[in-house]
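As structure tokens, the structure follows; a few thoughts come after it.
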Amino acid sequence: MTDDFPEANRAVPLPCCVEAPASYLPRAQYGLRMLLLPLGIDPRWVRREDLTGQGLYYGPEPDGFSEGILRLRLAPATIAYFDAATPYDRRRVHWRTWDDDRWPILFHEAGTDDLVASTFFWATPKASLFTAEASSGACSAR
């Protein structure tokens, strides 16, 4: 970014609704913010009923929105994983290929990639939230 183009430094606001239990909500909002940051999008948190026109929904019930709403499904297993704070089993990684690059999707259930939870996991400082298990190669949320 440069001061020569101040309009390029402005993030585009996007109405976003996250429906998640209180224990997972801050993680989901952080993951979504980090996922949107490189795109120059600044999430504006709204309630479900206020999500009209264009926006983004992340939660367990993505049905019933208009076409202008991007819908990302939050799987119950994702919430259970973070609530339990158990080691992540790297055998669960689901690999996606985009433009000939392989990307690790850590949370994948019933054909749905949970990019928000995966982004939270990768973007969170290990020193404060994760402990590496050298013997198993697993990480756990604390």
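Available extension along the chain between Val12 and Tyr30 is 4.8 nm, counting 0.36 nm per residue and deducting the alpha carbon span. With a 1.4 Å probe rolled over the protein heavy atoms of all chains, the accessible area of Val12, Val116 falls in the order Val12, Val116, largest first.
If you take the C-alpha gyration tensor of the range 1-124, multiply each eigenvalue by 5 and take the square root, what semi-axes do you get, largest first, in whole Å?
Numbers: eigenvalues 125, 76, 41 Å².
Semi-axes from the Cα gyration tensor: 25, 20, 14 Å.
The values are calculated or read from the model by the stated rules, or taken from the named source; none is laboratory data. Small disclaimer: the values here were computed from a predicted structure and weren't measured. Ligands, DNA and RNA are excluded from the accessible area calculation, which covers all protein heavy atoms including side chains. Shrake-Rupley method; radii C 1.70, N 1.55, O 1.52, S 1.80 Å.
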